[in-house]
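This report concerns only the one structure given below.
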Protein chains: 2
Amino acid sequence: VETAFRKIVQRSGVGADNALLLGVSGGVDSVVLLDLLWRFGPTEGRCLQVAHLDHQIRPQSHQDADFVQDLCDKLGVPCRVERIDVPGLARERRLSLETAGREARRDLLLRFAAETGASRIVLAHHRDDQAETFLLRLLRGTGRTGLAGMAELQGIWWRPLLGFSREQILAYAGARKLSWVEDSTNAETAYRRNRIRHNLLPELAGYNPQISRRLASLSQQFQLEEDFWRQHLAEIWPEVLLNQEDGLRLRRQVLVGLHPAVKMRALREGVRRVRGDLHGIEFVHLEALSSLLQAKSPQLELDLPGCWAARRYDQLWLRPSKPETAAFNLVLQLDKPLRLPDGRFLLARLCEENVSESDIQVAFELSALEFPLQVRSPLAGDRFWPSGMVGRKKLKNFMIDMKLEQEQRQSVPLVLNRGEILWVVGYRRSALAPVADQPSQRLVLTLLQGADSATKAL
Amino acid sequence: VETAFRKIVQRSGVGADNALLLGVSGGVDSVVLLDLLWRFGPTEGRCLQVAHLDHQIRPQSHQDADFVQDLCDKLGVPCRVERIDVPGLARERRLSLETAGREARRDLLLRFAAETGASRIVLAHHRDDQAETFLLRLLRGTGRTGLAGMAELQGIWWRPLLGFSREQILAYAGARKLSWVEDSTNAETAYRRNRIRHNLLPELAGYNPQISRRLASLSQQFQLEEDFWRQHLAEIWPEVLLNQEDGLRLRRQVLVGLHPAVKMRALREGVRRVRGDLHGIEFVHLEALSSLLQAKSPQLELDLPGCWAARRYDQLWLRPSKPETAAFNLVLQLDKPLRLPDGRFLLARLCEENVSESDIQVAFELSALEFPLQVRSPLAGDRFWPSGMVGRKKLKNFMIDMKLEQEQRQSVPLVLNRGEILWVVGYRRSALAPVADQPSQRLVLTLLQGADSATKAL
């Protein structure tokens with residue numbers, strides 16, 4: 001172990017200029033790591049500090065803290081202990097004791113490292129931990145990504161024991177006559193992990209005596225690959241993402257053109273960004289998203305756990321939930337800007353000159369109108385006489401031709417005069433009430449982006 | 001099952017224009033698949049053919065063949081049976097009965113498909129097969145790549161039952177009152193698989209009742225990713241490969257610049273190409289290869305199972321075995337081309353004019369020489385007076401300066417006159433016996449690529 005550890009230290013590139021912070025629980029793994037670092041570490045004991053979390057899961061948890069403190073005193077290594085009410089934390093954040101403990105430890109180590117200027121935080125995870133975690137996640141059903149193991153060096157974290165088995169660590173502890181504390185919380189907080197350690201792994205060793213090494217190696221490969229995927233995804237993401245104004249809008253064409261393995265990861269990344277995490281998202285959900293992209297219908301929707309997805313023509317729209325499109329029915333008066341539900345404004349003014357018409361401005365012959373005008377969202381059965389066309393058309397068909405998205409179809413403002421649609425706001429005026437060739441009083445309707453421009457227009 | 005199967009057929013895109021060849025062992029899986037295809041297949045029984053391999057593993061294996069033949073006769077589906085001596089094949093090719101059987105079946109189906117013009121070969125693998133195979137490979141220790149599962153559609157192969165569990169298949173068989181044969185070879189040929197099916201999987205289900213679905217889904221994801229990696233590797237390979245004249249020469253700089261996950265795969269691909277397969281190659285071997293690339297020394301070697309690897313400056317050289325560089329000691333006579341061990345020729349001629357010198361042609365003052373000249377491979381302690389330099393130098397240091405590869409250092413031909421090196425052939429002449437300024441008899445030595453040019457030069 002000694003020789004191997006020295007090699008690992010050398011290979012790691014962690015040098016004497018690195019101040020190290022070591023997390024010590026008092027268990028055999030961290031006691032052995034402390035001993036090894038103290039003897040053969042890059043700094044041979046100098047620039048080494050120890051942190052211990054007194055997790056208060058058991059009333060006698062301070063005894064572990066005392067043990068670690070004593071051990072450090074004997075070695076002359078500075079030691080900081082912090083008491084954190086992990087059970088309270090677990091209740092508060094609705095986490096398991098194990099998860100709450102892990103998070104508290106992580107926060108503590110990062111904080112201490114920042115305060116003491118340590119450039120590496122050293123952890124005592126070993127190969128069997130890696131194998132157990134792999135099985136735990138394999139069985140639990142976390143996604144493919146969850147199978148990625150811990151890396152020996154990962155940012156500030158350093159795990160120099162990752163290549164050693166529990167057996168080797170115990171043998172070293174025995175040979176060095178080290179003493180340590182047994183974490184009696186194991187049995188309660190990590191029941192599943194213990195079952196895997198004591199029942200499943202030994203049984204799998206009956207199929208393959210090297211199983212632990214094998215799983216740890218796989219874990220490590222997955223970790224490498226995961227890092228590749230992260231990088232690859234970051235490279236293609238700007239291509240995939242159209243905008244993130246309201247949820248995420250992804251480019252369908254780009255997604256469809258990706259290799260299926262990459263496409264699935266891009267879809268998962270989209271869901272992750274919308275939800276913040278991926279709990280409960282399974283591969284079947286991603287497959288469903290993928291078939292949404294390939295479906296014949298250009299507008300389909302899908303409810304995933306904590307995520308709503310919709311194909312909208314050449315876009316995939318992801319949101320935490322289905323957008324609300326409340327119906328509305330308003331009254332438009334002359335010279336009074338009307339605030340639409342989407343925040344834009346509609347303004348009606350009189351004018352005697354010709355005005356140029358556009359998507360956002362139309363003019364009608366005043367004499368044909370009756371005030372006030374009605375402004376409402378579409379209703380089933382609405383019909384409309386688009387300017388430039390002969391006769392009426394179903395509004396729905398008009399909107400299909402315009403390739404309006406489902407949500408726009410439900411919320412596009414209509415301006416009506418005596419029950420007849422005058423203007424599908426932003427899209428097309430009707431053929432009704434055209435302005436006369438000779439000078440006359442006209443009503444000009446303008447769509448404005450915000451309150452400022454509405455006031456200014458007046 | 002019926003509805004799900006119809007959907008799968010639809011989604012698969014396998015249409016009525018596809019002639020199908022179905023492999024039927026007579027077991028419940030293939031009997032159910034035959035029934036489903038016959039009822040709901042894209043061709044509803046038409047354009048459907050059955051193939052059966054009578055594997056002769058048991059004396060009564062022909063009974064299975066008869067059963068399949070009868071079943072097909074009843075349905076009016078053409079059936080071809082072929083007897084193959086699988087146990088003999090296994091002995092001959094030193095394979096397990098299971099592997100030999102699988103290969104024989106595969107060959108048979110591909111041959112029949114080609115003969116009958118079938119465009120799809122349909123197989124009855126289901127979700128539990130997928131999960132079992134995953135565990136089998138996870139435990140066996142095949143590489144990361146081995147975890148890639150079967151795909152529903154993969155080239156000519158179609159596995160429409162991959163989404164169904166064994167339970168569903170049995171339930172369907174029961175509901176349809178189908179009969180089938182039990183493959184009694186199971187217990188012998190697939191002992192491990194059976195242990196996984198009957199012991200391990202039920203136990204894992206105690207941790208996660210959905211384990212089978214979970215593993216099958218992972219398998220499928222790995223299959224997708226594997227396909228991505230294949231494609232990605234094919235894209236970068238031309239960059240990585242320098243040449244394959246003698247084993248493989250890979251570009252070290254390119255490899256080092258790759259993402260570690262990609263680098264490992266590229267290294268594995270190199271080993272695969274050199275060996276033909278990857279049996280016994282583990283991740284640690286690839287890691288060793290990788291550290292060869294990063295080592296300080298520009299010339300290091302490594303023996304892997306069935307593959308020899310050497311860093312040679314900016315190249316990684318992979319060969320099935322270490323190249324042999326036998327020492328040699330030859331005699332060079334005037335006007336008689338001398339064949340060197342590497343196949344090139346050395347020619348000594350007299351000349352009275354000036355000749356231009358180059359890497360492959362040098363001239364010496366004849367009066368300073370004594371015939372015949374010696375041509376040999378380098379010996380330890382050789383010294384040499386390179387032209388243009390003052391005094392002698394160790395030949396070894398000269399070769400280090402020239403960045404000669406290890407194998408070249410051992411095999412570069414030296415031309416000697418009375419024990420003194422005249423020419424390090426192809427690299428540098430010595431300062432000895434320079435040609436006089438005035439006309440004189442010179443000896444011209446020329447290095448020629450082959451016998452043809454040697455004859456022509458005379």
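Worth a mention:
- When region B:121-155 is filtered for residues that are open to solvent by 50 Å² or more (accessible area, probe 1.4 Å) and away from chain A (no Cβ under 14 Å), the ones remaining, listed by number, are B:125, B:155.
- Residue in region A:66-76 that is open to solvent by less than 30 Å² (accessible area, probe 1.4 Å), touching a Pro at 6+ places or on another chain (Cβ under 9 Å) and farther than 17 Å from residue A:158 by Cα present: yes
- In region A:279-292, the residues that are touching a residue at least 40 places away in the same chain (Cβ under 8 Å) and within 13 Å of residue A:318 (Cβ to Cβ): A:281
- Verdict on residue A:211 being within 12 Å of chain B (Cβ to nearest Cβ) and within 27 Å of residue A:98 (Cβ to Cβ): yes
- Residue in region B:312-333 that is at pLDDT below 90 and under 30 Å from residue B:260 (Cα atoms) present: yes
- Some residue of region A:101-109 being touching a helix residue (DSSP H, G or I) at 6+ places or on another chain (Cβ under 9 Å), modelled with pLDDT under 85 and surrounded by fewer than 21 Cβ atoms within 10 Å (Cβ to Cβ): no
- Test: residue A:432 is open to solvent by less than 70 Å² (accessible area, probe 1.4 Å) and in a strand (DSSP E or B): no
- Screening the candidates A:89, A:97, A:75 for the property of being closer than 18 Å to residue A:26 by Cβ and within 37 Å of the chain's Cα centre (by Cα) yields one hit, A:97.
- Residue within region A:68-75 that is assigned to a helix (DSSP H, G or I), closer than 25 Å to residue A:216 by Cβ, free of Cβ contacts under 8 Å to residues at least 60 places away in the same chain and out of contact with any Asp or Glu (no Cβ under 7 Å at 6 or more places or on another chain) present: no
- Taken over region A:355-370, the residue count meeting the criterion of being surrounded by 11 or more Cβ atoms within 10 Å (Cβ to Cβ), assigned to a loop (DSSP other than H, G, I, E, B) and more than 45 Å from the chain's Cα centre (by Cα) is 2.
- From the list B:32, B:50, B:9, the one residue that fits, being in contact with a Leu (Cβ under 9 Å, 6 or more places away or on another chain), in a helix (DSSP H, G or I) and at pLDDT 90 or above, is B:32.
- Filtering region A:48-65 to residues that are without any contact (Cβ under 8 Å) to a residue 60 or more places away in the chain and open to solvent by 30 Å² or more (accessible area, probe 1.4 Å) leaves A:56, A:59, A:60, A:62.
- Some residue of region B:209-232 being aromatic (Phe, Trp, Tyr) and open to solvent by 40 Å² or more (accessible area, probe 1.4 Å): no
- All of (1) within 23 Å of residue A:160 (Cα to Cα); (2) surrounded by fewer than 17 Cβ atoms within 10 Å (Cβ to Cβ) hold for residue A:79 with one exception: (2).
- Every condition in (1) open to solvent by 30 Å² or more (accessible area, probe 1.4 Å); (2) touching a Pro at 6+ places or on another chain (Cβ under 9 Å) is met by residue B:278 except one, and the failing one is (2).
- Any hit, region A:316-323, residues being within 24 Å of residue B:151 (Cβ to Cβ) and of a type in the set (Ser, Thr, Tyr): no
- Checked against the criterion of being over 19 Å from residue B:339 (Cβ atoms) and either open to solvent by less than 10 Å² (accessible area, probe 1.4 Å) or in contact with a strand residue (DSSP E or B) (Cβ under 6 Å, 6 or more places away or on another chain) (or both), the candidates B:414, B:395, B:448 yield just one match: B:395.
- Scanning region B:291-300 for residues that are of a type in the set (S, T, N, Q) and more than 11 Å from chain A (Cβ to nearest Cβ), we see that the one that is least open to solvent (accessible area, probe 1.4 Å) is B:299.
- One residue stands out among those in region A:194-208 that are open to solvent by less than 30 Å² (accessible area, probe 1.4 Å) and either more than 7 Å from every other protein chain (Cβ to nearest Cβ) or in a helix (DSSP H, G or I) (or both): the one that is farthest from residue A:148 (Cα to Cα), which is A:207.
- Total residues in region B:301-312, condition open to solvent by less than 10 Å² (accessible area, probe 1.4 Å) and more than 30 Å from residue B:401 (Cβ to Cβ): 1
- Region A:251-277 residues that are within 11 Å of another protein chain (Cβ to nearest Cβ) and in contact (Cβ under 8 Å) with a residue 12 or more places away in the chain, paired with ones that are part of a helix (DSSP H, G or I) and crowded, with 17+ Cβ neighbours inside 10 Å (beta carbon under 6 Å, 6 or more apart): A:260/B:224; A:263/A:255; A:264/A:286; A:265/A:229; A:268/A:286
- Each residue in region A:214-247 was checked for being more than 8 Å from chain B (Cβ to nearest Cβ), in a helix (DSSP H, G or I), without any contact (Cβ under 8 Å) to a residue 24 or more places away in the chain and not basic (Lys, Arg), and 4 pass.
- Conditions (1) open to solvent by 70 Å² or more (accessible area, probe 1.4 Å); (2) within 23 Å of residue A:339 (Cα to Cα); (3) outside any loop (DSSP other than H, G, I, E, B); (4) at pLDDT 90 or above; number of the one not met by residue A:422: (1)
- Flag if residue B:263 is charged (D, E, K, R) and either in contact with a strand residue (DSSP E or B) (Cβ under 8 Å, 6 or more places away or on another chain) or part of a loop (DSSP other than H, G, I, E, B) (or both): no
The values are calculated or read from the model by the stated rules, or taken from the named source; none is laboratory data. None of the values given here were measured: they were computed from a predicted structure. Using ideal geometry, Cβ is built from the backbone for each residue, glycine included, and neighbour counts are taken over all protein chains shown. Heads up: the accessible areas ignore ligands, DNA and RNA and are worked out on the full protein's heavy atoms, side chains in. Shrake-Rupley method; radii C 1.70, N 1.55, O 1.52, S 1.80 Å.
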